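**Student:** Take a look at the following structure, please.
The values are calculated or read from the model by the stated rules, or taken from the named source; none is laboratory data. Please read all numbers here as calculations on a predicted model, not as lab measurements. Backbone-built Cβ (ideal geometry, glycine too); neighbour counts: all protein chains shown.
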Ligand SMILES: [Zn+2]
């Protein structure tokens, strides 16, 4: 059965890329409509679906051909991590608020709104019959059937000595997602940040909503939340990007090595093709 939320919940803040005031309101969705963005600027709701992905640089962006929504993956991750299938997200401004750089504020707001099951509506489940693997450049993805549950193994590495290689193994349930994945914050390397700002991105970025990895130190407000916070954030992103396939994960094992948004989206397309190929 599909799941939505019981009541509405709102979050305000500033947008990561444009740095201007931004807000979202989560609204219950009556139909099996998936996750959609709505705004007075849009003619019709913009579904968070693979065919609407317009860019994967520094985040996953959606577009209806006229309007672009930046950095949707943290919102989507919160919804998918909590097992929500249908949700309308009303947008104020051009992008969701950056919040604290993690998915926790979104997940907390969704939980506060309460969960509502819709017994009359069926979920579309990713039902794998065998192994699916995708390798490109230094990235590798694998999905295969598993006994009971949804399992992830993700490896992230960087040659920066303060990052090194981190691996996270995770069995997805809403409770575990909330504690082990949702709080992991986004991060950037200090040498990239000036270039991003010069190109008009990350204008709202600060230590309030990101971890900055400098040459000799890691700048994180309140310190790192996990020793492997980078790998956990990559997992948060992966869960958000996979949600674009509109498939509920069940009894599956997913592995990702050095994943990024472009690879995540391509892998989600592969999973959806597999699901579409089934009678
Ligand atoms: Zn992210």
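**Student:** Under 7 Å between Cβ atoms, which residue pairs at least 6 apart in sequence (or on different chains) link something in region 106-118 that is outside the structural domain of residue 182 (by TED's automatic domain parsing) and part of a helix (DSSP H, G or I) with a partner that is at pLDDT 95 or above and exposed (fewer than 15 other Cβ atoms within 10 Å of the Cβ)?
**Tutor:** Partner pairs satisfying both residue conditions: 113/6; 113/7; 113/8.
**Student:** Does residue 184 satisfy the criteria of being within 12 Å of the ligand (Cβ to nearest atom), part of a loop (DSSP other than H, G, I, E, B) and in contact with a helix residue (DSSP H, G or I) (Cβ under 8 Å, 6 or more places away or on another chain)?
**Tutor:** In short, yes.
**Student:** Could I ask something else about it? If a residue has to be assigned to a helix (DSSP H, G or I) and under 21 Å from residue 230 (Cβ atoms) to count, how many in region 260-279 make the cut?
**Tutor:** Total satisfying the criteria: 6.
**Student:** What single numbered condition from (1) more than 16 Å from the ligand (Cβ to nearest atom); (2) under 28 Å from residue 130 (Cβ atoms) fails to hold for residue 216?
**Tutor:** Residue 216 satisfies all of (1) more than 16 Å from the ligand (Cβ to nearest atom); (2) under 28 Å from residue 130 (Cβ atoms) except (2).
**Student:** Looking at region 8-34 only, could you name the residues that are in contact with a strand residue (DSSP E or B) (Cβ under 7 Å, 6 or more places away or on another chain) and assigned to a loop (DSSP other than H, G, I, E, B)?
**Tutor:** Listed by number, the residues that qualify are 8, 20, 29, 32, 34.
**Student:** Going by the structure shown, is residue 27 under 19 Å from the mean Cα position of the chain (by Cα), modelled with pLDDT of 95 or more and more than 19 Å from residue 248 (Cβ to Cβ)?
**Tutor:** Yes: the conditions hold for residue 27.
**Student:** Only one of 60, 33 is surrounded by fewer than 19 Cβ atoms within 10 Å (Cβ to Cβ) and assigned by TED's automatic domain parsing to the domain that holds residue 12; which?
**Tutor:** None of the other options fit; the residue is 33.
**Student:** When you check residue 176 against the structure, is it part of a helix (DSSP H, G or I), out of contact with any helix residue (DSSP H, G or I) (no Cβ under 8 Å at 6 or more places or on another chain) and surrounded by fewer than 16 Cβ atoms within 10 Å (Cβ to Cβ), yes or no?
**Tutor:** Yes, satisfied.
**Student:** Among the listed residues 128, 162, 201, 142, identify the single one that is surrounded by fewer than 17 Cβ atoms within 10 Å (Cβ to Cβ) and part of a loop (DSSP other than H, G, I, E, B).
**Tutor:** Matching residue, one of 128, 162, 201, 142: 162.
**Student:** Another one. Count, please, the residues in region 145-159 that happen to be in contact with a strand residue (DSSP E or B) (Cβ under 6 Å, 6 or more places away or on another chain) and either exposed (fewer than 13 other Cβ atoms within 10 Å of the Cβ) or not in a loop (DSSP other than H, G, I, E, B) (or both).
**Tutor:** Total meeting the criteria: 8.
**Student:** Out of the residues in region 187-202 that are touching a strand residue (DSSP E or B) at 6+ places or on another chain (Cβ under 8 Å) and over 16 Å from residue 74 (Cα atoms), which is farthest from the ligand (Cβ to nearest atom)?
**Tutor:** 190
**Student:** OK, next. Has region 234-255 got at least one residue that is surrounded by fewer than 17 Cβ atoms within 10 Å (Cβ to Cβ), under 30 Å from residue 205 (Cα atoms) and more than 13 Å from the ligand (Cβ to nearest atom)?
**Tutor:** For region 234-255, residues surrounded by fewer than 17 Cβ atoms within 10 Å (Cβ to Cβ), under 30 Å from residue 205 (Cα atoms) and more than 13 Å from the ligand (Cβ to nearest atom): absent.
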